[in-house]
1. Please sort 90-102, 10-22 by packing, taking for each peptide the average over its residues of neighbouring beta carbons within 10 angstrom, highest first.
2. Once you list every other residue whose beta carbon is under 11 Å from the beta carbon of Met1, what net charge do they have if Lys and Arg are +1 and Asp and Glu are -1?
3. So for the chain, averaging the separation of alpha carbon pairs under 8 Å that are six or more residues apart and normalising by length, what relative contact order in percent results?
4. Could you go through region 87-98 in sequence order and give the Karplus-derived ³J(HN,Hα) for each residue, using 6.51 cos²θ - 1.76 cosθ + 1.60 with θ = phi - 60°, rounded to whole Hz, and x for Gly and Pro?
5. From the backbone phi of region 21-33, what are the Karplus-calculated ³J(HN,Hα) couplings (6.51 cos²θ - 1.76 cosθ + 1.60, θ = phi - 60°) in whole Hz, Gly and Pro given as x?
6. Setting aside same-chain residues fewer than 8 positions from Lys95, which lysines have a Cα under 20 Å from its Cα?
Amino acid sequence: MDIGSCYEDAHSEAASHYVIHNEMKQEFLNHQATLLFHIFEKDRKKMFPELSGNDLKEKLQLLGISTENNFGFLLKADIEISLNDIEVYVNEMKKFWIEFFDIALITE
């Protein structure tokens with residue numbers, strides 16, 4: 001085996017490792033987005049067990065809580081979640097629940 005073949009084999013292995021690493025990272029981020037959404041849905045069902053879909057959206061809008069920005073980027077057909085998307089999602093969920101409890105405490 002000559003040195004050129006060794007370099008070629010090493011490059012091929014490195015490229016393969018890089019692709020596998022990126023695929024694993026993407027799967028992890030996608031799973032984390034799913035987990036965060038599941039946690040939100042569980043909490044939502046505890047707070048509004050009788051409401052879902054448009055009924056829930058209307059109820060939240062009546063309370064003055066916006067639902068426009070929370071999930072849009074998760075509804076794409078070809079999902080590639082980035083770390084920034086996770087951070088945006090977490091911040092939107094924090095904002096949603098803070099806004100909800102601020103309004104809920106005032107109306108009680």
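Readers should treat all values here as calculations from the given coordinates under stated rules, not as data from a laboratory. Small disclaimer: the values here were computed from a predicted structure and weren't measured. Reconstructed Cβ throughout: ideal geometry from the backbone, glycine too, with neighbour counts over all protein chains shown.
1. Details: 90-102: 13.9, 10-22: 10.0.
Descending packing order for the listed peptides: 90-102, 10-22.
2. Numbers: positive: none; negative: Asp2, Glu8, Asp9.
Net charge in that neighbourhood comes out at -3.
3. Answer for the chain is 33 percent.
4. Couplings: 5, 4, 4, 4, 5, 5, 5, 4, 4, 4, 5, 4 Hz.
5. These are the phi-based 3J(HN,Hα) values: 4, 5, 5, 5, 4, 5, 4, 4, 5, 4, 5, 5, 5 Hz.
6. List returned: Lys42, Lys45, Lys46, Lys57, Lys59.
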